[in-house]
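Take a look at the structure below.
The values are calculated or read from the model by the stated rules, or taken from the named source; none is laboratory data. Values in this document were obtained by computation on a predicted structure and should not be read as measured data. Virtual Cβ from ideal backbone geometry, glycine too; neighbours counted across all protein chains shown. With ligands, DNA and RNA removed, areas are computed over all heavy atoms of the protein, side chains included. Shrake-Rupley method; radii C 1.70, N 1.55, O 1.52, S 1.80 Å.
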Amino acid sequence: MNRITVHGHRGARGLAPENTLASFQRACAIGVDGLEFDVMVSADDRIVIHHDARLNPMLCRSSAGCWLEAPTPRIRELAARDLGRYDVGRARPGSAIAQRFFQQTPADGAGIPLLTDLAELWHTLHPVRPLLNIELKSDPHQPADTPAPERYAAIILEELYRLDLHRHCWLQAFDWRLLRAVQHIDPTVVTGYLSSERNGDATIRVSGTSPWLAGFDPHLFGGSLPAAISAAGGTVWGPCFDDLSTKRVAQAHAIGLRVHSWTLNEPEQINRAIDLNLDGFSTDYPDRARALLLQSGLVTAPPCTAANA
């Protein structure tokens, strides 16, 4: 193997505030094959780049510079113009995020971006433009947080068509209902089926029906998660890295699935990803990943910058 693709997780979350234009630019300047980011839908049906269903008090300040306190509003309850007034340019001092990602360079004044904001930046990138790996955030246990799957799929696809991005992205989700709805509207869009088998946030069940899987539970397919994803129409499997084995990766490849795992930050993880023959992975530290891949003799994506940078 001489190629393994690297996607900057929420831009370059280890180096800049997550899901901000500053974070995406930082990842591009390092060199990534893709930009991974999360989206929600605002009250006026705009696509908002934000990980959480509610404004995160560890990330968000008011226009007056005051840190938000829980309970905060849902993204779905706020119009895009109101969301843009919040400052997400640094993590709250002393918070778990600030402690975990202490290398972040603040970008004070950075607002919560819309997909249109990233599209404007992306279209000016040169000499290459990374794939956009868009995670549709949705929780079947919290239906008030997002539109119904069919409506959600229509909103994101309409936006992608309008921005001329639909051929330059893939859509991924833990909530497979969304991916099925996307495929029903436009089967040419690449879909990435995310999964977790970790205690505490598992979306996969050993038996019975999981609300996350749109009826494609692995026990209905001989216990094979890759087979379930293939039957659902997926082309990319996005498993938690701890859930992988050489056998499972080989099974996925044998039926034509690409395996793109999350979220690999440590050298031992990245080296094992190479040994497992993964197709790609997401990372908070694209600089680390790039250095390790180069040391292993693998091809890496070139840096890119915006035309006005």
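Using Cβ point charges alone (K and R +1, D and E -1), the dipole size of the stretch 124-188 about the Cα centre works out to roughly 160 debye.
Counting only protein chain heavy atoms and rolling a 1.4 Å probe, the accessible areas of 24, 174 rank, largest first, as 174, 24. Using alpha-carbon positions, what is the distance between the centroids of the stretch 64-94 and the stretch 228-271, in Å? Cα centroid of the stretch 64-94 versus Cα centroid of the stretch 228-271: 34 Å apart. For the stretch 32-43, the Karplus equation 6.51 cos²θ - 1.76 cosθ + 1.60, evaluated at θ = phi - 60°, returns couplings of 9, 7, x, 10, 9, 7, 9, 9, 10, 10, 6, 4 Hz by residue, with Gly and Pro reported as x. In the stretch 1-45, carbon and sulfur make up what percent of the accessible area (probe 1.4 Å)? It is 44 percent, rounded to a whole number.
Charges were assigned to the Cβ only: +1 to each Lys and Arg, -1 to each Asp and Glu. The resulting dipole of the stretch 84-216 about its Cα centre is roughly 260 debye. The peptide list 100-107, 77-84, put in order of mean Cβ contacts within 10 Å with the highest first, becomes 77-84, 100-107. For the stretch 48-129, the residue among 102, 127, 48 whose Cα projects farthest onto the positive side of the dipole built from Cβ charges is 102.
Taking the protein heavy atoms of the stretch 81-143 in the context of the full set of protein chains, the accessible area attributed to carbon and sulfur is 49 percent at 1.4 Å. Considering only the Cα atoms of the chain, their convex hull presents on average a projected area of 15.3 nm².
Residues whose amide H lies under 5 Å from that of residue 194, counting only those 5 or more places away or on a different chain, are 173, 174, 238; hydrogens are built 1.01 Å from N in the peptide plane.
Counting only protein heavy atoms and a 1.4 Å probe, the stretch 120-236 has 44 square angstrom of accessible area per residue. Taking only the C-alpha atoms of the stretch 58-173, Rg followed by Dmax gives 16.2, 44 Å. Here the stretch 158-309 has 51 percent of its accessible surface on carbon and sulfur atoms, given a 1.4 Å probe and all protein chains in place. Only the Cβ atoms of Lys and Arg (+1) and of Asp and Glu (-1) were treated as charged; on that basis the dipole of the chain about its Cα centre amounts to roughly 280 debye.
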